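The values are calculated or read from the model by the stated rules, or taken from the named source; none is laboratory data. Since this is a predicted model, take the numbers as computed values, not measurements. Here Cβ is always computed from backbone atoms with ideal geometry, including for glycine, and neighbour counts include all displayed protein chains.
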Amino acid sequence: MKKFLCFLLAAAMCFCLFGCGSTETETTATPAASGSEPADDGTGTGTGTERDSLTISLSTELQTLSILAQQNIVTNQVLTNIYDGLLKLDQDGNVVANIAEEWVWDEEEVKYTFKLKEGIKFHDGSELKASDVVFTFDLITGDYENFNATVASQVDHAEVVDDYTVDVYLTAPSATFIYYCAIYVKVYCEAAWESTNGFTEGIVACGPYQLVSYDPSTGVVLEAFEDYHGDPKPSIKNVYFNIIPDANTQVMALQSGELNVSRDFPASSISTIEADENLDIYSHDCGMVYFLQFNLRDNTLEPLKNQQVRQAINYALDKEFMISVAEEGLGTPANSVGNPNMFGYDDEIPTYEYNVERARELMAEAGYPDGFDLGTIYCREGKDQSVAEIAIENLAAIGITATVTMLENNAFIEQLSNGNYYVAASHLNFNTDAAQVFEVASIRGAVPYSGLEDPYVEEMRDACDLEMDTETRREMLNEVLDYLSEQAYFAPCYYPMMSYAHTAGLQFSGYDPFVGLQVRFLSWE
Amino acid sequence: MLKYILRRLLLLIPILLGVILLIMFIMDLTPGDPATLLLGINATPEAIEELNDELGFNDPLLVQYADYIIGALHGDLGTSWQTSRPVFGEIMSRFPVTLKLAVFSIIVTAIIGIPLGIISAIKKYSVLDMVCTSVAMIFTSLPRFWLGMMLILLFSVQLGWLPTNGVGTWKHYILPVFTLAAPTAAKIMRLTRTTMLETIRSDYVRTARSKGAGENRIIVHHELKNAILPVVTSLGIEFGQLLGGAILIETVFSMQGISTLMITAIRMKDTPLVTGSIVFFATMVCITMLIIDLLYTAIDPRLRTKYTKAK
């Protein structure tokens, strides 16, 4: 009997060890990973097993097919390949021509005149005309204004001048309009609006890929649009976005060759991926920043009202360590809630290097040589939590004691918007213009969780919006970022890299730091 | 009997009314509002307020409840706040996956669990019994998500025999069904073994044996028939739970079933979708329980007589 039990236990142990060990094992090249043999699993969505196909993971289903409704990052990642914008941003975040080849600002009439490129085709073969652009602006300022508040509040109305010219009248001069236009305004096909039930049951756009099918239980199938007007044209013909919510399953699907690109792979699996000769990691800058948010309302802790204390906290944070723990090294230390890819950011912004001695000096100067109790640092699950946990260790070195409380997303937002906190670890995904920083730094912003009401910031917010001269505006935005940094209203931690684990042999020729993965930049070696 | 079925179906009404109220009350207690989550960072406070009004989120709970019930009576479970698609359609698009998983798992569970339990009980303390109970113990104690991952690593990554995720073909169901069925089968096997051992010792079995009844007849007609009732109950409860989805399995194997739908809806504070899914789930559990009760009468003549008398 004993022998038998021993045998059973040993067998169970072997099973466990085999399972655990296999994550570290290098797999042999599967046909899919090497892209040599076609396969069809008959699912509609499928596997990128040929050189002309690619499978990308999605962590959830799409929220909507309509670009007019609010999309989460997952939805955006897919739709950005199907729709095309009136304007677009280049690699450096500058606004460049796309569907509109030129645009002219008319100060007197408070309007932009857009000259459209001729011969642009929609996915149904019809030609894109000025009426489609006007139709798009009518939707944005009409039934969908809630979902496009930024652009909707800036545009009064749009008019057709001729087939390829559109006048867009603004409610007031606005320098940010052209940036928001490049990010949010995708041109809709007026003729297809009815047949697709307001683009909820299908899409007719003019982007590099067209929608073949969408099934919420499996994923999205796209096909390259041969008449795409832009450059580069898509080189991979079939694209499958398969829904794989679990990050570990994504890695296993990559290893088995069923998946070619995973955006959500866990940082802890980086070494496994790097050790696998069939897999690679591609990283690029993105618009995200992790930071500590201070409550700056009257109800906050007395020490947090002191600039020197906030600066001391900034000096005390070991940003490199945060990057190594939360991102496995894939990130850069942050010196602003603004992002290096933003228009208006420059490298001269004051930086708080990790310096515990300097932090202690500042605490002593501020009258808190023995530190103080900060209470709870709130955070959400994920990397915010790592940031908060490292922060309490760092702050302990200068005498500030704190604990970490993790909240569910809704509870976190409510706690912050009501000002029921002193410090929170959070992150934001900004777009290309530094004026976005006002959304967190101004009391009139969209996420004014800090409760900051600084007259200078409020004044600059209005001034930056009205200033139409590009260079002057860049300088003004830069001044604001300098000021926010000097005042230490936030404690920026790091800028993460956007990373993709992918099948070896896949080339990335470009990216958009603020939009995400665009398949037309991808090709097989 | 018909009267009994009808009464049980009528009982569904107060149960569902209670469930709906409870869910709406709990959702009302949770922090956050849907418009903030739907409109994102660039939305103005006015836009958020307007959308919340439009969605009916700002109405008092009882008004929301009454609206929901009136809608439900007209066959309308509402529209998802998140996707703007009808809730019923959302549920139905996910239900086939969950139903297939549940049915296959319960069949596999019964096919493996019950015979092994019977064999273990009949051959008590034999090597076979030891193997069965030990393996059952291992499978009962393994967390399902871990077992699932290990199976993917072995059969998909290492051997390349089966797909890691998705729902397209029958092959996609093998690993998740086994992962779901293995621990349940182990439980059913142990339960069958225990109840069989109880009946084996009973007087009527001894009597049947002394009357010279064949061993197979004793096992099937005397022992199993009496031992199977708690097993059927247990299988029914498992099936009901599986219809509500197996969140971990659906997540690990990327199967977009009811539970992933519900979890996403809870995260987005999509009250109509959460309520709709739970109402659907509650109805499924109630119907399953009714079917189980009816199965009892088929198995146990004593119960059958009771219902016949009641009639």
Practice task
Please work out if B:D129 is surrounded by fewer than 17 Cβ atoms within 10 Å (Cβ to Cβ), more than 10 Å from chain A (Cβ to nearest Cβ) and acidic (D, E).
Solution key: no
Completion exercise
B:T169 passes all but one of the listed conditions (1) within 24 Å of the chain's Cα centre (by Cα); (2) on the phi < 0 side of the Ramachandran plot; (3) assigned to a loop (DSSP other than H, G, I, E, B); (4) surrounded by 15 or more Cβ atoms within 10 Å (Cβ to Cβ); the exception is number (4)
Fill in the blank from the handout: When the range A:252-271 is checked residue by residue, the ones that are among the β-branched types (V, I, T) and surrounded by fewer than 19 Cβ atoms within 10 Å (Cβ to Cβ) are A:I270
Completion exercise
Of (1) free of Cβ contacts under 8 Å to residues at least 40 places away in the same chain; (2) not assigned by TED's automatic domain parsing to the domain that holds A:T64, A:S269 satisfies every one except (1)
Handout entry: Residue in the range A:437-455 that is touching a strand residue (DSSP E or B) at 6+ places or on another chain (Cβ under 9 Å), crowded, with 18+ Cβ neighbours inside 10 Å, under 29 Å from A:H284 (Cα atoms) and without any contact (Cβ under 8 Å) to a residue 12 or more places away in the chain present
Key = yes
Problem - Residue that is farthest from the chain's Cα centre (by Cα) [pool: residues in the range B:175-202 that are of a type in the set (S, T, Y) and over 11 Å from B:R144 (Cα atoms)] - result: B:S202
Practice task
Kindly indicate the residue of the range A:202-223 that is among the polar types (S, T, N, Q) and under 23 Å from B:P96 (Cα atoms) and also farthest from the other protein chains (Cβ to nearest Cβ) among those meeting that condition.
Solution key: A:S213
Problem - Residue that is crowded, with 18+ Cβ neighbours inside 10 Å, in contact (Cβ under 8 Å) with a residue 12 or more places away in the chain, out of contact with any Leu (no Cβ under 9 Å at 6 or more places or on another chain) and over 30 Å from A:N98 (Cβ atoms), where the choices are A:N248, A:N295, A:N299 - result: A:N248
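When you look at A:D482, is it out of contact with any helix residue (DSSP H, G or I) (no Cβ under 6 Å at 6 or more places or on another chain) and modelled with pLDDT under 90, yes or no?
no
Determine if the range B:32-40 includes at least one residue that is at pLDDT 85 or above and not hydroxyl-bearing (S, T, Y).
No, the range B:32-40 has no match at all.
From the residues in the range A:417-427 that are more than 21 Å from the chain's Cα centre (by Cα) and within 12 Å of chain B (Cβ to nearest Cβ), which one is modelled with the highest pLDDT? Spell out how you get there, then give the answer.
Going through the range A:417-427, the residues more than 21 Å from the chain's Cα centre (by Cα) turn out to be A:417-423.
This time we only want the ones that are within 12 Å of chain B (Cβ to nearest Cβ), so: A:417-418, A:420.
On the way: A:S417: 83, A:N418: 84, A:N420: 88.
Looking at residues that are more than 21 Å from the chain's Cα centre (by Cα) and within 12 Å of chain B (Cβ to nearest Cβ), I get A:N420.
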Fill in the blank from the handout: Of the residues in the range A:174-197 that are within 23 Å of the chain's Cα centre (by Cα) and part of a loop (DSSP other than H, G, I, E, B), the one that is surrounded by the fewest Cβ atoms within 10 Å (Cβ to Cβ) is A:T176
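In this structure, does B:I111 turn out to be surrounded by fewer than 18 Cβ atoms within 10 Å (Cβ to Cβ), away from every other protein chain (no Cβ under 14 Å) and part of a helix (DSSP H, G or I)?
Taking the combined requirement at face value, the residue satisfies it.
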Practice task
For A:E127, indicate whether it is over 19 Å from A:G287 (Cβ atoms) and free of Cβ contacts under 8 Å to residues at least 40 places away in the same chain.
Solution key: yes
Handout entry: Qualifying positions in the range A:212-222 - surrounded by fewer than 23 Cβ atoms within 10 Å (Cβ to Cβ) and part of a strand (DSSP E or B)
Key = A:V212, A:S213, A:Y214, A:D215, A:V221
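Okay, residues lined up against (1) in contact (Cβ under 8 Å) with a residue 12 or more places away in the chain; (2) closer than 30 Å to A:I56 by Cα:
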{"site": "B:L180", "(1), (2)": "yes, yes"}
{"site": "B:R193", "(1), (2)": "yes, no"}
{"site": "B:V205", "(1), (2)": "yes, no"}
{"site": "B:G214", "(1), (2)": "no, no"}
Practice task
Test A:T200 against the criterion of being over 14 Å from A:L86 (Cβ atoms), in a loop (DSSP other than H, G, I, E, B), of a type outside the set (A, V, I, L, M) and in the same structural domain as A:L517 (by TED's automatic domain parsing), and give yes or no.
Solution key: yes
Practice task
Identify, from the list B:I237, B:I247, B:I263, the residue that is surrounded by fewer than 19 Cβ atoms within 10 Å (Cβ to Cβ), away from chain A (no Cβ under 13 Å) and β-branched (V, I, T).
Solution key: B:I237
Practice task
Just one of (1) assigned to a loop (DSSP other than H, G, I, E, B); (2) farther than 21 Å from B:A227 by Cβ trips up B:Y125, so point out which.
Solution key: (2)
Exercise for the section: Kindly indicate whether any position in the range B:172-189 is within 14 Å of chain A (Cβ to nearest Cβ), out of contact with any helix residue (DSSP H, G or I) (no Cβ under 6 Å at 6 or more places or on another chain), under 30 Å from A:Q255 (Cα atoms) and outside any helix (DSSP H, G or I). Expected result: no
Exercise for the section: With the condition kept exactly as written, say whether any residue in the range A:312-334 is touching a residue at least 40 places away in the same chain (Cβ under 8 Å), closer than 19 Å to A:Y449 by Cα, within 28 Å of the chain's Cα centre (by Cα) and away from chain B (no Cβ under 14 Å). Expected result: yes
Exercise for the section: Scan the range A:383-415 residue by residue and report those that are out of contact with any helix residue (DSSP H, G or I) (no Cβ under 7 Å at 6 or more places or on another chain), away from every other protein chain (no Cβ under 14 Å) and of a type in the set (G, A, S). Expected result: A:A388, A:A391, A:A396
Practice task
Identify the residue in the range A:473-525 that is under 19 Å from the mean Cα position of the chain (by Cα), of a type in the set (F, W, Y) and farther than 12 Å from A:S283 by Cα and, among all such residues, is surrounded by the fewest Cβ atoms within 10 Å (Cβ to Cβ).
Solution key: A:F521
